[in-house]
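Participant: Sharing a structure here in structure tokens format.
The values are calculated or read from the model by the stated rules, or taken from the named source; none is laboratory data. In this text, all values refer to a predicted model and were calculated from it rather than measured experimentally. A quick note on method: Cβ atoms are made from the backbone with ideal geometry, for glycine too, and the neighbour counts reach across all protein chains shown. With ligands, DNA and RNA removed, areas are computed over all heavy atoms of the protein, side chains included. Shrake-Rupley method; radii C 1.70, N 1.55, O 1.52, S 1.80 Å.
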Amino acid sequence: MNFQQAERMFVENGLEYSKILHEKLEIYNDFLIEYNKKVNLTAITEPEQVWLKHFIDSILFAKYVEIPDNASIIDVGTGAGFPSVPLKLYRNDIKLTLLDSLNKRIVFLNELSTKLSIDVETFHSRAEDAAKNENLREKFDFATARAVAAMPVLCEYCMGFVKKGGKFVAMKGVNEDISSFKKAASVMGGDKITETKYMLGGTDGRKIFIINKISHTPIKYPRNSGQIKNKPL
């Protein structure tokens, strides 16, 4: 995609754009598409859709969430690096940690970060195990996830990473509703949930949920994956 096309898409979604960002996203796009031929990372491979549904949608985090300078963010179940790697390219001051349960994705992310010349930490672990790790538990200003699971499940997977006073930010489709996870958020130490609706590319509805962490997550959470999935909070 040429610079003018990409810039127009960013501006239409209320985002700033630059030639430096464009160069980085081109590297990301090319490496993602090439790597996807041997490791299944994404079903979206058409350049315009990659730019819109992966890059722009990820970076919209910065439009709807106030991110302090040098904030620490962990991306739980990051997959091919969404939303956090495009966000890191947009806001290089962010201190980024990438977590995924599949090592082949971690290998991709390590190679990608080298190609993009960005400093990130990667962890190969299941979220419920990593959240019990003393080096990760309640260490981050933000935890984020994008459409990984239903919100009651995501709250349990993710909120143990967030420090008291931090936030869990979930990027979801329009069908999720606050009432479905208010209890889960509260149990995990959260309160003051906000919801922002937006249109991606003018046609595709999305929601961003922000849960403020007001107290520590009880030590028994998260439970094991079977309990989380079979009996959501």
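Participant: Out of the residues in the stretch 187-207 meeting the condition of being in a strand (DSSP E or B) and of a type in the set (Gly, Ala, Ser), tell me which one is surrounded by the most Cβ atoms within 10 Å (Cβ to Cβ).
Facilitator: The selected residue is 190.
Conditions (1) surrounded by fewer than 19 Cβ atoms within 10 Å (Cβ to Cβ); (2) under 16 Å from residue 162 (Cα atoms); (3) out of contact with any strand residue (DSSP E or B) (no Cβ under 6 Å at 6 or more places or on another chain); (4) among the basic types (Lys, Arg), marked per residue:
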site	(1), (2), (3), (4)
89	no, no, yes, no
92	yes, no, yes, no
103	yes, no, no, no
109	no, no, no, no
113	no, no, no, no
118	yes, no, yes, no
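Participant: Any idea which residue in the stretch 138-172 is nearest to residue 203 (Cα to Cα), counting only those that are open to solvent by 30 Å² or more (accessible area, probe 1.4 Å) and either of a type in the set (Phe, Trp, Tyr) or over 14 Å from the mean Cα position of the chain (by Cα) (or both)? Before the answer, list the steps.
Facilitator: Taking the stretch 138-172 as the starting set, the residues that turn out to be open to solvent by 30 Å² or more (accessible area, probe 1.4 Å) are 138-139, 141, 146-148, 150, 163-165, 167.
Those still in the list that are either of a type in the set (Phe, Trp, Tyr) or over 14 Å from the mean Cα position of the chain (by Cα) (or both) too: 138-139, 150, 163-165.
Details: 138: 37, 139: 37, 150: 23, 163: 35, 164: 36, 165: 34 Å.
Here the answer is 150.
Participant: Out of (1) farther than 21 Å from residue 63 by Cα; (2) of a type in the set (Val, Ile, Thr); (3) buried (at least 17 other Cβ atoms within 10 Å of the Cβ), the odd one out for residue 85 is which?
Facilitator: (1)
Participant: Let me confirm something: among 175, 212, which residue is closer than 30 Å to residue 14 by Cα, among the polar types (S, T, N, Q) and under 17 Å from the mean Cα position of the chain (by Cα)?
Facilitator: From the options 175, 212, the qualifying one is 212.
Participant: Okay, next question. Taking only pairs six or more apart or across chains, which ones have beta-carbon atoms under 7 Å, a first residue in the stretch 1-12 that is closer than 13 Å to residue 26 by Cα, and a second residue that is charged (D, E, K, R)?
Facilitator: Sorted first by the residue in the stretch 1-12, then by its partner, the pairs are 1/48; 3/19.
Participant: Step by step: first the residues of the stretch 41-61, then only those that are open to solvent by 10 Å² or more (accessible area, probe 1.4 Å) and without any contact (Cβ under 8 Å) to a residue 40 or more places away in the chain, then the one that is nearest to residue 145 (Cα to Cα). Which residue is that? If you could, list the steps in order and put the result at the bottom.
Facilitator: Going residue by residue through the stretch 41-61, those that are open to solvent by 10 Å² or more (accessible area, probe 1.4 Å) are 41-49, 52-54.
Next, from what is left, pick out any that are without any contact (Cβ under 8 Å) to a residue 40 or more places away in the chain: 42-46, 49, 54.
Working: 42: 16, 43: 18, 44: 18, 45: 21, 46: 23, 49: 20, 54: 13 Å.
My answer is 54.
Participant: Then there's this: Every residue in the stretch 13-35 that is open to solvent by 50 Å² or more (accessible area, probe 1.4 Å), within 26 Å of residue 105 (Cα to Cα) and in contact (Cβ under 8 Å) with a residue 12 or more places away in the chain, please.
Facilitator: 24, 26, 27
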